[in-house]
Amino acid sequence: MIRVLRENKQTPQRIEELVTRAGGRNRFGEPNFRVVWGWSRLSLIGGRWSDHDENGNLIREVVELREEPKYFPHDRWHIERWLPPEAYGTPEQWYSQTIECGNGQSVPALGPFPSRGEWEHCFTIQTPKEEFLGLTPAICSGVVRAIEWSRAQSRAKRRAALDESKRKREMDYEKFVDEVLWDEPRFHGQPYVVTP
């Protein structure tokens, strides 16, 4: 039998305290932000599941709720922000939009209605090349403060900042393409000229 082992990690208490100080608490007294390890953050997911034996043979198919890792990559720290229950609509809206049916059974694809709200992903701690990056107080408090600062900005300012960021990425890409395309290749010391 194949057994999947998950690497579970607990967030250090001083990081939890720092993130709570930076982001405050919600109406239930819980932090507005928290840091979780990808493999440790499980979420109820409903649907049709196929179970196989150690040789890959189908044992059964079942429609049910299962706890599965919520984030990918699993081997990274993720920062989550709490959203209140009303952000998900009413329980009736939730179930009408998330219900999965199979084998005559109904199951909510995203689990039960989040009556106490839910923490949603807002940042993965990793390098710009998507490589592992360790958990540090500076990174965590910086991310939380940046998110809180951006929420305090007007919608027009946030839109303008996103547009400027997109424009800068496009200009950087165009500069990169120009450098690659217009770099003169040489053949035996002579410029290589392409003719139509």
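Some points to look at:
- Taken over segment 110-145, the criterion of being within 30 Å of residue 63 (Cβ to Cβ), hydrophobic (A, V, I, L, M, F, W, C) and over 18 Å from the mean Cα position of the chain (by Cα) is satisfied by 113 alone.
- Remark: residue 60 falls outside the filter, which requires a residue to be in the same structural domain as residue 128 (by TED's automatic domain parsing), closer than 26 Å to residue 124 by Cα and part of a strand (DSSP E or B).
- Within segment 145-163, tally of residues that are modelled with pLDDT of 85 or more and either surrounded by 10 or more Cβ atoms within 10 Å (Cβ to Cβ) or in contact with a Leu (Cβ under 6 Å, 6 or more places away or on another chain) (or both): 6
- Hits in segment 8-28 - residues which are at pLDDT 95 or above, charged (D, E, K, R) and in a loop (DSSP other than H, G, I, E, B): 27
- The residues of segment 23-55 that are acidic (Asp, Glu) and free of Cβ contacts under 8 Å to residues at least 12 places away in the same chain amount to a single one, 51.
Condition check ((1) farther than 25 Å from residue 11 by Cα; (2) surrounded by 10 or more Cβ atoms within 10 Å (Cβ to Cβ); (3) at pLDDT 90 or above) across all residues:
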{"position": "97", "(1), (2), (3)": "yes, yes, yes"}
{"position": "102", "(1), (2), (3)": "yes, yes, no"}
{"position": "116", "(1), (2), (3)": "no, yes, yes"}
{"position": "119", "(1), (2), (3)": "no, yes, yes"}
{"position": "124", "(1), (2), (3)": "no, yes, yes"}
{"position": "133", "(1), (2), (3)": "no, yes, yes"}
{"position": "139", "(1), (2), (3)": "no, yes, yes"}
{"position": "183", "(1), (2), (3)": "yes, no, no"}
{"position": "186", "(1), (2), (3)": "yes, no, no"}
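Yes or no, residue by residue, for (1) touching a Phe, Trp or Tyr at 6+ places or on another chain (Cβ under 8 Å); (2) free of Cβ contacts under 8 Å to residues at least 12 places away in the same chain:
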{"position": "57", "(1), (2)": "no, yes"}
{"position": "65", "(1), (2)": "no, no"}
{"position": "72", "(1), (2)": "no, no"}
{"position": "85", "(1), (2)": "yes, no"}
{"position": "93", "(1), (2)": "no, yes"}
{"position": "96", "(1), (2)": "no, yes"}
{"position": "102", "(1), (2)": "no, no"}
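Matching residues to (1) aliphatic (A, V, I, L, M); (2) not assigned by TED's automatic domain parsing to the domain that holds residue 34:
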position: 76; (1), (2): no, no
position: 83; (1), (2): yes, no
position: 93; (1), (2): no, no
position: 104; (1), (2): no, no
position: 118; (1), (2): no, no
position: 122; (1), (2): no, no
position: 134; (1), (2): no, no
position: 168; (1), (2): no, yes
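- Candidate set: segment 29-57, residues that are outside any loop (DSSP other than H, G, I, E, B) and of a type in the set (D, E, K, R); chosen: the one surrounded by the fewest Cβ atoms within 10 Å (Cβ to Cβ): 51
The values are calculated or read from the model by the stated rules, or taken from the named source; none is laboratory data. Quick caveat, the model's predicted, so the values are computed rather than measured. When we count neighbours, we look across all protein chains shown, and the Cβ atoms used for this are built from the backbone with ideal geometry, even at glycine.
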